[in-house]
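Undergrad: Please find one structure pasted underneath; my questions will follow.
The values are calculated or read from the model by the stated rules, or taken from the named source; none is laboratory data. In this text the structure is predicted, and so the values were computed from the model without any measurement. Reconstructed Cβ throughout: ideal geometry from the backbone, glycine too, with neighbour counts over all protein chains shown. For accessibility, only protein heavy atoms count, side chains too; no ligands or nucleic acids. Shrake-Rupley method; radii C 1.70, N 1.55, O 1.52, S 1.80 Å.
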Amino acid sequence: ACLARARRHEPRLLAFTHIDESGAREQAEAATAEAARGAGRGPLHGIPIAIKDLIDVDGLPTTASSRVLADNVAATDAPIVSRLRTGGAVIIGKTNTQEFAYGVVTAPTRNPWDTARIPGGSSGGSAVAIAGGMALGALGSDTAGSIRIPAALCGISGLKPRQASLPMAGVIPLSWTLDSCGPMARGAADLELMWRALTGPESESA
């Protein structure tokens with residue numbers, strides 16, 4: 001259903017830099033087989049998640065929405081992506097960001113509620129993917145509002161954790177001392193499920 005919505009809305013909204021349709025289907029089939037064996041991994045099992053295009057996903061481009069890195073393909077998952085995969089998440093693709101996360105416009109992505117307006121940034125693609133029903137959750141990064149601004153402008157929820165609450169390896173930096181990564185989702189309940197997958201059930205470090 002998320003892929004169908006992406007095919008319908010992505011030409012207008014431009015939330016993604018890369019949609020991994022074949023890879024997402026393979027992951028979903030594997031998740032279905034695991035569930036049939038009674039080997040469910042938790043509440044994110046089989047859930048389509050999008051990843052901001054600053055964060056490495058094995059085999060997919062990490063471009064920071066810049067032509068400078070057009071040929072940069074990640075060889076491994078960033079640790080925060082690995083944690084989502086361990087929880088059963090299906091990685092559906094990479095989402096647009098302000099180039100190198102420096103700004104709040106996220107061109108050319110458009111706000112799904114009014115395409116004449118910006119989605120905010122720099123995690124605008126992640127916010128639009130969720131608001132447009134093209135993913136049920138996403139990872140963003142935040143240095144000075146980059147999760148919070150697009151979450152507000154697109155009508156979803158986002159969590160900007162304390163700096164270093166999550167590992168930042170495999171994430172293209174904007175500011176080594178201020179960057180943090182965090183989950184974005186339709187509402188606070190979904191954020192909690194993602195946070196538990198990212199940190200463990202007992203974490204209070206946000």
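Undergrad: Using alpha carbon centroids, what distance separates segment 62-120 and segment 150-201, in Å?
TA: Going from one Cα centre to the other spans 13 Å.
Undergrad: A further question on this structure: Using modelled backbone amide H atoms (1.01 Å from N, in-plane), which distant-in-sequence or interchain residues come within less than 5 Å of THR106's amide H?
TA: The answer is GLN98.
Undergrad: Which cross-chain or sequence-distant (5 or more) residues have an amide H under 5 Å from the amide H of ALA78, H modelled 1.01 Å from N in plane?
TA: For ALA78, whose amide H was placed from the backbone, the distant partners under 5 Å are ASP56, VAL57, ASP58.
Undergrad: Shifting gears a bit: Please compute the length gained on full extension between ALA188 and TRP176, using 0.36 nm multiplied by the number of residues separating them and subtracting their Cα-Cα distance. Could you put the intermediate results ahead of the total?
TA: Working: separation 12, 0.36 × 12 = 4.32 nm, distance 2.75 nm.
This chain segment gains 1.6 nm when fully extended.
Undergrad: Let me ask something else about it. VAL90's amide H: which non-local residues (gap 5+, or another chain) put their own amide H closer than 5 Å, with H modeled 1.01 Å from N in plane and none for Pro or chain starts?
TA: Excluding prolines and chain starts, which carry no amide H, the hits are GLY46, ILE47, ILE49.
Undergrad: Considering only segment 1-148, what is the antiparallel percent among its DSSP beta bridges, to the nearest 5? Please report the intermediate quantities before stating the final value.
TA: On the way: 4 of 12 bridges.
Restricted to segment 1-148, the bridges split so that about 35 percent are antiparallel.
Undergrad: Further question on the same structure: Along segment 86-95, what does the Karplus equation 6.51 cos²θ - 1.76 cosθ + 1.60 (θ = phi - 60°) give for ³J(HN,Hα), rounded to whole Hz, x for Gly and Pro?
TA: With the stated coefficients, segment 86-95 comes to 4, x, x, 5, 9, 7, 8, x, 10, 9 Hz.
Undergrad: Could you work out the Kirkwood radius for segment 1-137, taking every pair of different alpha carbons, averaging 1/r and inverting it, reported in Å?
TA: Across segment 1-137, the inverse of the average 1/r is 15.0 Å.
Undergrad: Right, next: Once label points are set 7 Å from the Cα along Cα→Cβ at both LEU69 and ARG8, what is their separation, rounded to one decimal in nm?
TA: Result: 3.2 nm between the two label points.
Undergrad: Averaged per residue, what accessible surface does the chain expose to a 1.4 Å probe, in Å²? Intermediate results must be reported in sequence, preceding the final value.
TA: Numbers: 9220 Å² over 206 residues.
That works out to 45 Å² for each residue.
Undergrad: Along the Cα-to-Cβ line of ALA144, 7 Å from the Cα, sits a label point; which residues in segment 97-118 have backbone N less than 15 Å from it?
TA: 98-106, by backbone N distance to the label point.
Undergrad: Please give the peptides 16-24, 101-109, 88-96 ranked by average Cβ packing (other Cβ atoms within 10 Å per residue), highest first, as a rough proxy for protection.
TA: In descending order of packing, they fall as 88-96, 101-109, 16-24.
Undergrad: As an exercise, use a Förster radius of 41 Å and the Cβ-Cβ distance of THR86 and ALA116 to find the FRET efficiency, rounded to the nearest 0.05. Let's see the in-between values first.
TA: Working: r = 41 Å, r/R0 = 0.99.
Using R0 = 41 Å, I get an efficiency of 0.50.
Undergrad: What is the sum of charges, Lys and Arg at +1 and Asp and Glu at -1, for the other residues whose Cβ falls under 9 Å from the Cβ of ALA74?
TA: -3
Undergrad: Counting only protein heavy atoms and using a 1.4 Å probe, what share of the accessible area of the chain belongs to carbon plus sulfur, as a whole percent?
TA: The nonpolar share, carbon plus sulfur, comes to 55 percent.
Undergrad: Separate question: What distance in nm separates the simple spin-label points at GLU29 and ALA164, each placed 7 Å from Cα in the Cβ direction?
TA: In this crude label model, GLU29 to ALA164 measures out at 4.4 nm.
Undergrad: Find the eigenvalues of the gyration tensor of the Cα atoms of segment 110-158, then list the square roots of 5 times those eigenvalues as equivalent ellipsoid semi-axes, largest first, in whole angstrom.
TA: 15, 13, 7
Undergrad: Relative contact order, percent, of the chain when contacts are C-alpha pairs under 8 Å separated by at least 6 residues? Let's see the in-between values first.
TA: Values: 499 pairs, mean separation 43.8, N = 206.
Relative contact order for the chain comes out at 21 percent.
Undergrad: Taking segment 71-117, how much of its Cα-Cα pair set, in percent, is spaced more than 17 angstrom apart? Please report the intermediate quantities before stating the final value.
TA: On the way: 608 of 1081 pairs.
Here the tail beyond 17 Å accounts for 56 percent of pairs.
Undergrad: Could you give the length gained by full extension between ALA152 and THR76, i.e. 0.36 nm per residue of separation minus their alpha carbon distance, to one decimal place?
TA: Values: separation 76, 0.36 × 76 = 27.36 nm, distance 3.16 nm.
Taking 0.36 nm per residue and subtracting the Cα distance, the gain is 24.2 nm.
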